[in-house]
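Below is one structure, written out as structure tokens, with a few remarks after it.
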Amino acid sequence: MVVASAATRRKGGDKVMFYAYVLSSEKNGRQYIGSTDDLKRRLLEHNSGKGGTYTKNNRPFQLIYYEAYISYDLARKAEKFYKSGIGREVLKGKLEK
């Protein structure tokens, strides 16, 4: 996944939120988990083929879940958690509601 550096993120004292998100591939139904500071931009990047090989080869994607955080570190921790075994189970429970 391509992650924007702090220098390329929004400037000027903007109140920036960070997100952990889950995409569903319309091609094969599998999920992709990531984090970003701009959900709309990141979804457009995934669907236009920018980023890693997996998202390029399995697009288009649909945003099916996200959580907002006040820091990038918290969003990354959530992303890593949801990629773990227990995290996938927790996420599965949230998506079934």
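Okay, here's what the table says:
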{"quantity": "Helical mean residue ellipticity (222 nm; -39500 (n - 2.57) per DSSP H run of 4+; nearest 500) of the chain", "calculated": "-11500 deg cm²/dmol"}
{"quantity": "Environment charge at residue 21 (Cβ cut-off 13 Å; Lys +1, Arg +1, Asp -1, Glu -1)", "calculated": "+1"}
{"quantity": "Selection from 78, 17, 57, by position along the positive dipole direction of the chain (Cβ)", "calculated": "57"}
{"quantity": "Cβ-Cβ FRET estimate between residue 83 and residue 16, R0 fixed at 25 Å, reported to 0.05", "calculated": "0.60"}
{"quantity": "Computed label-point distance, nm, for sites residue 56 and residue 76 using a 7 Å Cα→Cβ extension", "calculated": "2.4 nm"}
{"quantity": "Contact order relative to length of the chain, as percent, for alpha carbon pairs under 8 angstrom and 6 or more apart", "calculated": "31 percent"}
{"quantity": "Largest-first ellipsoid semi-axes for the chain, taking √(5λ) over the Cα gyration tensor eigenvalues, angstrom", "calculated": "22, 18, 11"}
{"quantity": "Inter-label distance for residue 27 and residue 92, nm, one decimal - labels placed 7 Å from Cα along Cα-to-Cβ", "calculated": "2.5 nm"}
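Just so you know, all these numbers are worked out from the coordinates, no wet-lab data involved. Bear in mind the structure is a predicted one, so any value in this text is a computation, not a measurement. Note: ideal-geometry Cβ built from the backbone for every residue, glycine included; neighbour counts use all protein chains shown.
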